[in-house]
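These notes concern the structure reproduced below.
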């Protein structure tokens, strides 16, 4: 586990869900992934050195083009994952900042869909509870329609982790009480506290990990 996209001591001091995901992928030699709702960054992008190949998928051609210009993935698909048919499953499915844009019913349906699409890992990120977000840049798809909590994922076999202390961010994830630079500093120094205490976190990260025999395991 020494050969990783990050320094192991960084993860010990400031544990991050995305780094844990990368460590699991490298440890188990996983090779394929799809990032649903791909945007300006992806935890899969740094794994090419290990022979990992990723696909970026988005319903927005503009957001897909941003991902393409940044070279985040190897392949790109324009469309809605709920309406597409894939010829194969992926080792890893990433669903970051997506589920909160759907109703609870549609979000639950999406979870079932991605759980069937992943052969080893489902990784998702979403605000802890409902975080108001209106249309952004005139795009109604950016509005938040639902809120999700740790028990929503724990009951489905996910290991739920946290990022950022809860309460420091408000509408659209903007900093409250303090300037953005101060909020980021506070979040970073308290990350060790919220990592395994997701109820205290502003953002949830849930990992559904299956071993090579298809058994769901905690991580």
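The spacing between region 151-191 and region 95-145, judged by their C-alpha centroids, is 17 Å. Beta bridges per DSSP, both residues in region 24-166: antiparallel share near 10 percent.
For region 109-219, the convex hull drawn through the C-alpha positions has a volume of 116 cubic angstrom per residue.
First measure r as the distance between the Cβ atoms of residue 53 and residue 12, then evaluate 1/(1 + (r/R0)^6) with R0 = 41 Å and state the FRET efficiency to the nearest 0.05. Calculated transfer efficiency: 0.90.
Can you give me the pair-distance distribution of region 1-60, C-alpha pairs, 5 Å bins, whole percents? Going out from 0 Å in 5 Å bins, region 1-60 shows 4, 18, 28, 23, 15, 9, 2, 1 percent. Placing dummy labels 7 Å off each Cα toward the beta-carbon, the span from residue 115 to residue 177 is 3.5 nm. Multiplying the residue separation of residue 74 and residue 216 by 0.36 nm and removing their Cα-Cα distance gives an extension gain of 48.3 nm.
If you plug the beta carbon distance of residue 149 and residue 88 into 1/(1 + (r/R0)^6) with R0 = 25 Å, you get a FRET efficiency near 0.15. Hull volume per residue, based on the alpha-carbon atoms of region 5-109 and their convex hull, is 119 Å³. At each listed q (0.12, 0.13 Å⁻¹), what is the log10 of I(q)/I(0) that the Debye formula gives for the chain modelled as equal alpha-carbon point scatterers? Summing over Cα pairs of the chain leads to -0.63, -0.76. In this calculation the C-beta distance from residue 186 to residue 41 is compared with R0 = 25 Å, giving a FRET efficiency of 0.70.
Show me 87-97, 5-15 ranked by packing, highest mean number of other Cβ atoms within 10 Å first.
Averaged packing, sorted descending, gives the order 87-97, 5-15.
The numbers here are math on the coordinates, done by the rules we state, and not lab data. All values reported here derive from a predicted model rather than from experimental measurement. As a convention, Cβ positions derive from the backbone with ideal geometry for all residues, glycine included, and neighbour counts pool all protein chains shown.
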